[in-house]
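Okay, so here's the structure we're looking at.
Read-outs throughout are calculated quantities, based only on the coordinates presented, and are distinct from any laboratory measurement. Small disclaimer: the values here were computed from a predicted structure and weren't measured. Don't worry about glycine lacking a Cβ; one is built from the backbone with ideal geometry, like all the others, and counts go over all protein chains shown.
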Amino acid sequence: MSFSKGEARALRIRDALGAHIQADAYRDSFPDNEADAAYNRKQETWWRLKARQWLCGADGRDCADAAKRRAIAEGEP
């Protein structure tokens, strides 16, 4: 099955967003001890690196630019 350029891009962005959500879950968890904290940091980093790997250079720039425009439109704090 082949995807159009737009469909493939949308899937890359969706997967990268999901990876950031996974990373946030590790960051926001409350570890029981220092070993758990180290594991959570390792997993958070791994998921963030996966997100970067899955995006093409233009994808990340376009997403960051869109986020900045929306934040400005909503009135940054």
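Structure notes:
- If you check Arg48, Arg61, Arg27, Arg41 for being surrounded by 11 or more Cβ atoms within 10 Å (Cβ to Cβ), touching a residue at least 24 places away in the same chain (Cβ under 8 Å) and not polar (S, T, N, Q), only one passes: Arg48.
- Candidates Ala35, Ala16, filtered to the one that is loosely packed, with under 14 Cβ neighbours inside 10 Å and of a type in the set (A, V, I, L, M, F, W, C): Ala35
- If the condition is being over 13 Å from Ala51 (Cβ atoms) and either touching a His at 6+ places or on another chain (Cβ under 8 Å) or surrounded by 10 or more Cβ atoms within 10 Å (Cβ to Cβ) (or both), then segment 3-13 contributes Phe3, Glu7, Ala8, Arg9, Ala10, Leu11.
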